[in-house]
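Please treat every number below as a calculation from the coordinates, not as lab data. As the structure is a prediction and not an experimental result, all values here were calculated from the model. Positions of Cβ are generated from backbone atoms using ideal geometry, with glycine treated the same way; all protein chains shown enter the neighbour counts.
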Amino acid sequence: MCVLIVDMINLTKLETSDPQCDFQQFSLSAAVSNAALPFESQAFEQHKHLNLEIQENISYTGISDQIKQLVGIFIDNVIKYSDENGEIRVTLSQTRDKKTLKFYNTGKGIKSKEREKIFQRFYRSDSSCTRMMGGYGLGLLIAQSIVNTHKIKIQVESKYEKWICFTLTF
């Protein structure tokens, strides 16, 4: 229950603050790498394959802690919902001024009719497998709030029962 309270407080802060004054330039490459590091052992222990492909020297102007939280939310989700011995990929690249961050996994994926719902408050897929995973259905809502604050474009692609890919474009 404590996690729920912390998540609700964080969400309220995100929704009520004016973050533009807190924007600073930082290394997006380092932020993504540092946020991903704790998940490497988690993936290994669950017999899942986490591959990081992070282009170096990519900088970004925003709130570093929020971007790290965003990365953590997505990595946690793609690990949690990947299949056994599943493949998980996190890629960060830049072409000209466009930065692209992708989170991919093999696993259940998501039905097309549920793609918009996954960012809603407390939304949970109805399957018993999802209920067993824990959580309160706030992670992707918090991620959506961070995406909105930073004016990041997000796209969800999936082949149900095969894979899902979240693409963030900065």
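Observations, loosely collected:
- Shown here for the stretch 38-104: trypsin sites (Lys or Arg not before Pro) in loop regions (DSSP other than H, G, I, E, B) with at most 16 other Cβ atoms within 10 Å, namely Arg96.
- Partner lysines whose Cα lies under 19 Å from the Cα of Lys113, excluding those fewer than 8 positions away in the same chain, are identified as Lys159, Lys162.
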